[in-house]
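Everything below concerns the one structure shown next.
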Amino acid sequence: MSYIAASAWRFETLDYLLHFPFARYALLAALMVATASAALSGIVVLKRLAFVGQGISHAAFGGIGVVAILGLGGLVGEVTIFVFCLVSALLIAAMTRGRTREDTAIGIVLVATMALGFLLLGLRHKLMSHGWYAELMRGSPMPASWDTVLFGSVHLAGAMGMWLSLAVMLFVLGALAWFRRPLLAYVFDETAAKAAGVNISAMRGLLMLLLALVVVVGMKLVGVVLISALLILPGAIAAQLTRRLVATFIAAWIAAVIGVVGGLVLSFELELLSGPCIVLVLTAQYVLACIVCRTKIV
């Protein structure tokens, strides 16, 4: 019986990958997003930027609202959401240079952009009852359902999502490789890095840019609410297993790949949203890493 069940399980997963293009696009996009997010995850954990990632990801609500009210779609819509996330991230960075604490700045931007997104989505729904607006929006793409916006869906990736994920992955890896010395100095000791001539503002802006890019391409698979998990959990898992820098990045990448592949398999098999499945697989890895390393689960 168990052999038959295992065979059916495997056949079901392979059937999706062999016969449905969206499944292949989702898998390839997920692997690329996992690689980009894992490369940043170690930095996010070391620099304690988890709440920053949360703020940027929730800022996407505002961008989604703008895209919905204007009836944008395709690449234009993606760029609009990215610009909104990037502006929100830079706004957080600018606010922290004044008297505003970082957690306060993130909280303000987070709630403001979420409120704007919900307001614009509700306004679109209300305006659709007016003839002039309905006529103006004719042919424009419908906004995604709340479930897919919040928690992601494998159906949203598509060919464009796959190519955008590839571009973002290459850009993130290239930027981290090019600026590795000043960036690592900024991450490990900001004061010493500033004394050594590192442009702290530029490094902070670079990190915000990279985080915004990963958020935009990853939220289709994991959703706005859960995308920050891809920026936190791989690095947290790696931190439990090793203290060496290179090993941390490798362990984070392996954890991210297992998380997205395992989550997509669960999503295909159980016909559930992909975001919660991916996050639960990542969380299970974190718990296992804590048990193996005999550390407390905080």
- request: Test residue 82 against the criterion of being surrounded by fewer than 19 Cβ atoms within 10 Å (Cβ to Cβ) and aromatic (Phe, Trp, Tyr), and give yes or no.
  value: no
Residue count, region 262-281, condition of a type in the set (Val, Ile, Thr) and touching a Cys at 6+ places or on another chain (Cβ under 9 Å), comes to 1
Residue set 218, 174; condition in a helix (DSSP H, G or I) and surrounded by fewer than 24 Cβ atoms within 10 Å (Cβ to Cβ); output residue 174
Here the qualifying pairs (Cβ atoms under 8 Å; residues six or more apart or on different chains; first in region 41-70 and of a type in the set (Ser, Thr, Tyr); second assigned to a loop (DSSP other than H, G, I, E, B)) come out as 57/224; 57/225
Residue match in region 121-130 (condition: within 30 Å of residue 31 (Cβ to Cβ) and part of a helix (DSSP H, G or I)): no
### Message
Looking at region 225-234, can you tell me whether even one residue there is free of Cβ contacts under 8 Å to residues at least 60 places away in the same chain and under 27 Å from residue 87 (Cα atoms)?
### Response
yes
Residue 243: passes all of (1) closer than 23 Å to residue 217 by Cβ; (2) part of a loop (DSSP other than H, G, I, E, B) but (1)
Taking first residues from region 102-113 that are closer than 14 Å to residue 50 by Cα and second residues anywhere that are among the small types (Gly, Ala, Ser) and in a helix (DSSP H, G or I), the pairs with Cβ under 7 Å that are 6 or more apart or on different chains are 106/55; 110/55; 110/59
Restricting region 177-215 to residues that are surrounded by 17 or more Cβ atoms within 10 Å (Cβ to Cβ) and among the small types (Gly, Ala, Ser), the one farthest from residue 265 (Cα to Cα) turns out to be 193
Of the residues in region 104-123 that are surrounded by 20 or more Cβ atoms within 10 Å (Cβ to Cβ) and closer than 18 Å to residue 94 by Cβ, the one that is farthest from the chain's Cα centre (by Cα) is 105
Going through (1) in contact with an Asp or Glu (Cβ under 9 Å, 6 or more places away or on another chain); (2) crowded, with 24+ Cβ neighbours inside 10 Å one by one, residue 51 fails only at (2)
Residue hits (region 86-124; touching a Ser or Thr at 6+ places or on another chain (Cβ under 6 Å) and at pLDDT 85 or above) are 88, 109, 113
Would you confirm whether or not region 131-153 contains a residue that is within 19 Å of residue 227 (Cβ to Cβ), without any contact (Cβ under 8 Å) to a residue 40 or more places away in the chain and assigned to a helix (DSSP H, G or I)? yes
Flagged pairs (Cβ under 7 angstrom, 6 or more apart or on separate chains; first in region 184-209, β-branched (Val, Ile, Thr); second in a loop (DSSP other than H, G, I, E, B)) are 187/47
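The values are calculated or read from the model by the stated rules, or taken from the named source; none is laboratory data. Bear in mind that the values here come from a model prediction, so they are computed numbers and not experimental data. Every residue, glycine among them, receives a Cβ derived from its backbone with ideal geometry; neighbour counts consider all protein chains shown.
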